[in-house]
Amino acid sequence: MPELPEVESTRRFLEPDIVGKRIVDVEVRRPRMVRRQPNPADFAGRLTGRTVRKLGRHGKFLLAELSRDLVWVTHLGMSGRIRIGNRSEPEDPHTNVVVRFGSQVDFRFIDPRTFGFVAVYTPDELASSPLALLGPDAFTATPSGADLAAALAGRTAPIKALLLDQRLVAGVGNIYADEALFRAGIDPRREGGTLTEDECAGLSAAIADTLADGLRWNGTSLSDMRYLLPDGRAGEFAARLSVYGRDHEPCASCGTPIQRTVIRQRSTHLCPVCQV
């Protein structure tokens, strides 16, 4: 799954092309993509004829406010990406959802593994959707050290797993959790409840800084090139990662080889010296 900076940069690319534009047609090619729609048949009908008023985001959910108080929700999943293109341009493989605007612009949702989804919610449906369970946004509302410490009190799960639980803080994915924990000098295997308030403050700052750097460099495109910007370019943050994907390479801070382990079925990278 692409991470928070990817979603932020996606928003930056989307706004000029779709905000204020009217949707003229919708095509769902894989029914699985609308599995979170209370009635899947509603998705295309609720979008068609609506105008996108503004874009927002909470955690990893991209939100488009539509006319008539509807909200179009997009989640990229693990392999999804958005491509904005002229209708005459060839489509990428695995283009599963196409939303067409009257300006000859297509919003194309490309998702080989179909872990992502789209939905259009009414206010009541939004209030009972997964978005209602999200914690504070990791980028725009990073919790303070005191708030994070309070949320972690008594938690015995590894801090890495807790960061990936979007109910604690929304928007941190696997890559950015590893990077933030390295910057904070915290072992990802530690029980969350053992972190002091000072350590939580350092972790909060590290989360904010890591996500800001990811956004600055347009996100993380790995060798599989699953994540690309909406204009087709690759993100540049992968070359600046400190630990993720660098197992056996020397730590830039101390020279110790980076280790890879698995925490709650998620690949995890750390420096055994810097993160004690």
Checklist entry - Taking the Cβ of Cys274 as the center, what net charge do the other residues with Cβ under 12 Å away carry, scoring Lys and Arg +1 and Asp and Glu -1? => result 0
Checklist entry - How big is the convex hull of the Cα atoms of segment 19-71, per residue, in Å³? => result 92
Next on the checklist: I want the local charge near Val24. Using Cβ-Cβ distances under 13 Å, sum +1 for each Lys or Arg and -1 for each Asp or Glu among the other residues.
Outcome noted: +2
Next on the checklist: So, R0 is 22 Å and r is the distance between the beta-carbons of Glu27 and Ser103; what FRET efficiency does that work out to, to 0.05?
Outcome noted: 0.80
Item to check | Heavy-atom accessible area per residue - the chain, 1.4 Å, Å² | outcome: 43
Checklist entry - Hey, if we sort Lys60, Lys160, Lys21, Lys54 by accessible area with the 1.4 Å probe, largest down, what's the order? => result Lys54, Lys21, Lys60, Lys160
Checklist entry - What value, in deg cm²/dmol to 500, does the helix sum -39500 (n - 2.57) over DSSP H runs of n ≥ 4 give at 222 nm once divided by the residues of the chain? => result -7500 deg cm²/dmol
Checklist entry - Based on the Cβ-Cβ distance from Glu249 to Ser88, what FRET efficiency comes out when R0 is 45 Å, to the nearest 0.05? => result 0.50
Item to check | Residue among Gly49, Ala234, Pro188 farthest towards the positive dipole end of the chain, charges placed on Cβ | outcome: Gly49
Next on the checklist: Given Cβ point charges of +1 (Lys, Arg) and -1 (Asp, Glu) and nothing else, what value in debye, to the nearest 20, does the dipole of segment 9-168 about its Cα centre take?
Outcome noted: 180
Item to check | When the convex hull of its Cα atoms is projected in every direction, mean area for segment 55-185 (nm²) | outcome: 10.1
Checklist entry - Given a 1.4 Å probe and every protein chain left where it sits, what share in percent of the accessible area of segment 97-238 is carbon and sulfur? => result 53
Next on the checklist: Please report Rg (one decimal) and Dmax (integer) in Å for the Cα set of the chain.
Outcome noted: 19.4, 58
Checklist entry - If you wrap segment 141-276's Cα atoms in a convex hull and average its projection over all directions, what's the area in nm²? => result 8.1
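The values are calculated or read from the model by the stated rules, or taken from the named source; none is laboratory data. The structure displayed is predicted, hence computed values, not measured ones. Glycine also receives a Cβ, built like all others from the backbone with ideal geometry; neighbour counts cover every protein chain displayed. Side chains included, ligands, DNA and RNA excluded: accessible areas come from the protein's heavy atoms. Shrake-Rupley method; radii C 1.70, N 1.55, O 1.52, S 1.80 Å.
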